1. Could you give each residue of segment 190-201 its phi-based ³J(HN,Hα) in whole Hz, using Karplus coefficients 6.51, -1.76, 1.60 with θ = phi - 60°, and x for Gly or Pro?
2. Provide the per-residue ³J(HN,Hα) series for segment 74-89, in order, calculated from phi with Karplus coefficients 6.51, -1.76, 1.60 and θ = phi - 60°, each as a whole number of Hz, with x at glycine and proline positions.
3. Residues with beta-carbon under 11 Å from that of Glu216, excluding Glu216: net charge, scoring Lys, Arg +1 and Asp, Glu -1?
4. Between Arg61 and Arg227, what length comes free when the chain is fully extended (0.36 nm per residue of separation minus the Cα-Cα distance, one decimal in nm)?
5. Which of rounded, prolate or oblate describes segment 28-173 when judged by the alpha-carbon gyration tensor and an a/c cut-off of 1.5?
6. Compute, for Met112, the solvent-accessible surface of its heavy atoms (probe 1.4 Å) with the complete set of protein chains present, and express it in square angstrom to the nearest 10.
7. Rounded if a/c is under 1.5, else prolate if a/b is larger than b/c, else oblate: which is segment 94-169, with a ≥ b ≥ c the root eigenvalues of its Cα gyration tensor?
8. If you take the Cα Rg of segment 115-224 and divide it by 2.2 N^0.38 Å, with N the number of residues, what do you get?
Amino acid sequence: MRDSVPDGPRDGSVAGLVELDRTSLRDRAVDRLRQALAGGELDAGAPLVLTDLSVRLGISRGTLREAVRQLEFEGLVEAGPRGRLVVRDAGAVDLERMFAVRGALEGLAAAMLAGRPDRAGAVTSLRVRLQGEVGAGADIPDLLVADLAFGRELCGLADATTLLRAWETLVGLITRAVARADPADARAALAPERRRRVLVAVAAGDPHRARQVAQEQVAQAAAALVRPSGVASAGGPSGKLSTVNG
């Protein structure tokens, strides 16, 4: 007996590709909003007016709501007075704890990769990632994107389930730390040289040393970014939030 299956589109298109594109747009919106936070375009405590943001980003309010839910999960936005969503201002203690967890996760990932006999493939992937990065003189939001991409790749190559998922929960607070830092400190924390040192340590094949180097790089970044009095903006005025397709 033939199963009853709904007829697909008759124009040769594949229905699933529509959903994939929609998900991609949501992910681009999340990335763009993170960049806006890191670049000072959205200040701590500022309300998120979804109707305004959807127009400025060139996306529907439904897609924007999905993106904002991700930012809530990451701790970048929260419910303020009267239930309105506002940009969260994480304190120094929150950020210090976050960097301690990040150091532990990336240290473990580096040690796991360094201890693998077949680590050459992972080293190549990380090297390609590093070679494709923007230069040290790039804008701070672009340096943040590169830093997050390398950390995500490092943890994903080591353990694409538990370790990577735990790391992903830190992205919001990492972004917040960059947003509240002095620009010079943010650049020092996000310098490509930090990631190169981790790559070299993983390639050398000494798990203990790889863990130590990865943790040192995170600790040095934390020392540059986490200052109770540091509330400087790293970017331009809030009116420059562009569309996710631009």
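The values are calculated or read from the model by the stated rules, or taken from the named source; none is laboratory data. The model shown is predicted, which means the values in this text are computed figures rather than measured ones. Methodologically, a virtual Cβ is constructed for each residue, glycine included, from the backbone with ideal geometry; neighbour enumeration extends over all protein chains shown. The area values use the complete protein model at the heavy-atom level, side chains included, leaving out ligands, DNA and RNA. Shrake-Rupley method; radii C 1.70, N 1.55, O 1.52, S 1.80 Å.
1. Working through the residues one at a time gives 9, 4, x, 4, 4, 6, 4, 4, 5, 4, 4, 5 Hz.
2. 7, x, 8, 10, 8, 6, x, x, 6, x, 6, 6, 10, 6, 7, 9
3. +3
4. Full-extension gain reported as 56.2 nm.
5. Verdict is prolate for segment 28-173.
6. 70 Å²
7. oblate
8. Taking the Cα Rg and dividing by 2.2 N^0.38 Å, one obtains 1.04.
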